[in-house]
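First up is the structure itself, then whatever we jot down about it.
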Amino acid sequence: MRSRVGTPRLRVIRFGLGVVTPLVLLAACTAGPDYVRPAAPSSPAYRETPPDDAAWKSAQPQPVDGSVEPWSSFGDPALTALVTRAATANFSVAQADANYRAARAAVRLARAALFPNVSVAASASRSRNGSGSGAGGSTAENVHSVLLESSWEPDLWGGVRRSIESAGASAQSSEASLAAARLLVQAEVAQDYLALRINDELHDLLARSVASYETALKLSRSQFRAGTVSGSDVALATAQLKSTQTQLTDVAATRAQYEHAIAVLIGEPPARFALPAAPLTATMPAVPFGLPSDLLERRPDIAAAERQAAAANASIGVAQAAYYPVLTLSANGGDSLLGLVKWFSAPGRVWSLGSTLAQTVFDGGARRAQTDRAIAGYDAAVAAYRQTVLNGFQEVEDNLAILRVLEDEQGTEDEAVSASRDAERIALSQYRAGTTTFITVITAQNAALDNERSAVSLRGRRFAASVALVRAIGGGWNATALGDPLADRSSPSPRTP
């Protein structure tokens, strides 16, 4: 009969990291090229540099909090509150934040490949041997075993480190993309809010015009009853009044659309959001546009594109590391025995240490293709980065030019508004005196309304260009805000509906 504490059938423990070979010393090697930021097209100054006395120029660019500060420079607390709310409540921003958190998790996943893989397993079984007859009948046995295994692939050629580098750069690109998404949403909120307030100004203008035209209609009717004018004057006055009332209704519909757009941007159903009509109190801000070289650090989309180029460069090293042999170190240990006593006793203990060096001899050109694909991916990322830089320069130049031209137009239009108001007043006085026709009054009134509408529109376009310029220069964001993707930093909590 076999003793219950006899020799175990199986017993293996893999432990340890105690095998050291000279090949481990090669772990300092890193395949692939080290990253250098690609050269980007630039110029020493913007072509559309404004004059020194321009209201929308600031002497020195000042880094500010991109979530609030640039928008508070418009001097409208309601605008500041809305863009601040959109930074956390907008669902597109929440999506970008989730993508960023996923990218950070990918960095931790890549980093895990630097460490050994350790697993443990325990098992128990019961078996019977023999026929069960005679004095030496069958014996039931309980077999218990524990198994500990460890394996490790040293990063001899830097493939894992390049993977971590690539994932880290991608995470920073996601972080910059999050900032870009937040900036885009805030700019849209600012654009829609200022357009809504300009719409309120236009509504007030049309309402005043309707009141003025109603007075003119009463005057024409009075003149008609007195027999001094024909019925055509009354018809013209009526047509002008009704046309302006129609425009007033159309303005109200446009305002509702702006209000609905703002509601969606701040994560609210349009039915639950309303902005009461109010005068436009915002002022033209001083925008610190700085130098073209500043733009490379201040626009999050440029930073995101540059980080993608860094990630693509590291991917070349990952592909090239596949050309070299892979060393695997393993350690096993365990114990297996009959019964439940004397765990890890000398007769039942088994262990082993080992190493494997593997090298792919033929792969049909797969590694060459992987490397070529990685190089092409890097070239594409560099081209995308340079194009993003050029697009950024164009946006700044465009809005600087628009602001410069609109500032000149505003002064001329203000003079036209003043002159047309005088003409309207004189025409009405002459009509009351009977020295001119109502056609002259209609012409003067239409000219006055057109010029005032143009003045309101120009003001709105200037605000829109200012918002676009704030966004074009990065909204106060700076690339130094990009952090270590492996640092223990809590990202903003996603919005819950």
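The values are calculated or read from the model by the stated rules, or taken from the named source; none is laboratory data. Note that the structure is predicted; figures quoted are calculated from it, not measured. Note that we place each Cβ from the backbone using ideal geometry, even for glycine, and neighbour counts take in every protein chain shown.
Return yes when Ala401 is under 23 Å from Val229 (Cβ atoms), touching a residue at least 12 places away in the same chain (Cβ under 8 Å) and surrounded by 15 or more Cβ atoms within 10 Å (Cβ to Cβ) and no when it is not.
On the way: under 23 Å from Val229 (Cβ atoms): no; touching a residue at least 12 places away in the same chain (Cβ under 8 Å): yes; surrounded by 15 or more Cβ atoms within 10 Å (Cβ to Cβ): yes.
Here the answer is no, as Ala401 does not meet what is asked.
Do you know which residues across segment 392-407 are under 22 Å from Glu297 (Cα atoms) and of a type in the set (Asp, Glu)?
Of segment 392-407, the ones under 22 Å from Glu297 (Cα atoms) are 392-400.
Residues satisfying the conditions are Glu395, Glu397, Asp398.
Scan segment 100-127 for residues that are exposed (fewer than 14 other Cβ atoms within 10 Å of the Cβ) and part of a helix (DSSP H, G or I) and jot them down.
Narrowing segment 100-127 to residues exposed (fewer than 14 other Cβ atoms within 10 Å of the Cβ): 102, 105, 108-109, 112, 115, 117, 119-127.
Answer for segment 100-127, where residues must be exposed (fewer than 14 other Cβ atoms within 10 Å of the Cβ) and part of a helix (DSSP H, G or I): Ala102, Ala105, Arg108, Leu109, Ala112.
Give me the pairs: first residue in segment 467-479 and surrounded by fewer than 24 Cβ atoms within 10 Å (Cβ to Cβ), second residue assigned to a loop (DSSP other than H, G, I, E, B) and of a type in the set (Val, Ile, Thr), beta-carbon distance under 8 Å, and six or more apart or on different chains, which are they?
Gly476/Val64
Answer yes or no as to whether Leu357 is within 30 Å of Gly474 (Cα to Cα) and not aromatic (Phe, Trp, Tyr).
Values: within 30 Å of Gly474 (Cα to Cα): no; not aromatic (Phe, Trp, Tyr): yes.
Criteria not met by Leu357.
Kindly indicate whether Glu452 is more than 30 Å from Arg47 (Cα to Cα), touching a residue at least 12 places away in the same chain (Cβ under 8 Å) and of a type in the set (Asp, Glu). Steps first, answer last, please.
Details: more than 30 Å from Arg47 (Cα to Cα): yes; touching a residue at least 12 places away in the same chain (Cβ under 8 Å): yes; of a type in the set (Asp, Glu): yes.
Answer is yes for this residue.
Name the residue, out of Asp301, Asp294, that is farther than 30 Å from Gly159 by Cα, at pLDDT 80 or above and of a type in the set (Asp, Glu).
Numbers: Asp301 fails: farther than 30 Å from Gly159 by Cα.
Unique residue meeting the criteria: Asp294.
Enumerate the pairs (first residue in segment 307-327 and farther than 14 Å from Ala376 by Cβ; second residue anywhere and acidic (Asp, Glu) and not in a loop (DSSP other than H, G, I, E, B)) with beta-carbon separation below 6 Å, excluding pairs fewer than 6 apart on the same chain, so at least 6 apart or on different chains.
Sorted first by the residue in segment 307-327, then by its partner, the pairs are Ala314/Glu165.
Among Arg462, Arg425, which is the only one that is closer than 20 Å to Thr244 by Cβ and either at pLDDT 90 or above or assigned to a loop (DSSP other than H, G, I, E, B) (or both)?
Details: Arg462 fails: closer than 20 Å to Thr244 by Cβ.
Residue meeting the stated conditions: Arg425.
Look through segment 465-497, keep the residues that are part of a loop (DSSP other than H, G, I, E, B) and among the charged types (D, E, K, R), and return whichever of them is modelled with the highest pLDDT.
Initially, segment 465-497 is screened for residues part of a loop (DSSP other than H, G, I, E, B), giving 473-478, 482-497.
Among the residues that remain, those that are also among the charged types (D, E, K, R) are: 484, 488-489, 495.
Details: Asp484: 83, Asp488: 63, Arg489: 57, Arg495: 44.
Filtering first and then ranking leaves Asp484.
Answer with yes or no whether Ala190 is at pLDDT below 95 and in a helix (DSSP H, G or I).
Working: at pLDDT below 95: no; in a helix (DSSP H, G or I): yes.
Considered against the rule, which asks whether it is at pLDDT below 95 and in a helix (DSSP H, G or I), Ala190 comes out as no.
Quick check on segment 370-378. Is at least one of its residues among the polar types (S, T, N, Q), under 20 Å from Ala311 (Cβ atoms), over 21 Å from the mean Cα position of the chain (by Cα) and surrounded by 13 or more Cβ atoms within 10 Å (Cβ to Cβ)?
Going through segment 370-378, the residues among the polar types (S, T, N, Q) turn out to be 370-371.
Add one more test, that the residue is under 20 Å from Ala311 (Cβ atoms), and what stays is 370-371.
Now drop any that are not over 21 Å from the mean Cα position of the chain (by Cα), which leaves 370-371.
This time we only want the ones that are surrounded by 13 or more Cβ atoms within 10 Å (Cβ to Cβ), so: 370-371.
Within segment 370-378, one or more residues are among the polar types (S, T, N, Q), under 20 Å from Ala311 (Cβ atoms), over 21 Å from the mean Cα position of the chain (by Cα) and surrounded by 13 or more Cβ atoms within 10 Å (Cβ to Cβ).
Name the single residue that is surrounded by the most Cβ atoms within 10 Å (Cβ to Cβ) among those in segment 290-305 being assigned to a helix (DSSP H, G or I) and over 18 Å from the mean Cα position of the chain (by Cα). Step through it out loud before you land on a result.
Kept after step one, since they are assigned to a helix (DSSP H, G or I), are these residues of segment 290-305: 292-298, 300-305.
Subset that is over 18 Å from the mean Cα position of the chain (by Cα): 292-294.
Values: Pro292: 20, Ser293: 13, Asp294: 17.
Among them, the one singled out is Pro292.
Residue-by-condition table, conditions (1) outside any loop (DSSP other than H, G, I, E, B); (2) basic (Lys, Arg):
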| site | (1), (2) |
| --- | --- |
| Thr246 | yes, no |
| Thr254 | yes, no |
| Tyr258 | yes, no |
| Ala278 | no, no |
| Arg307 | yes, yes |
| Val318 | yes, no |
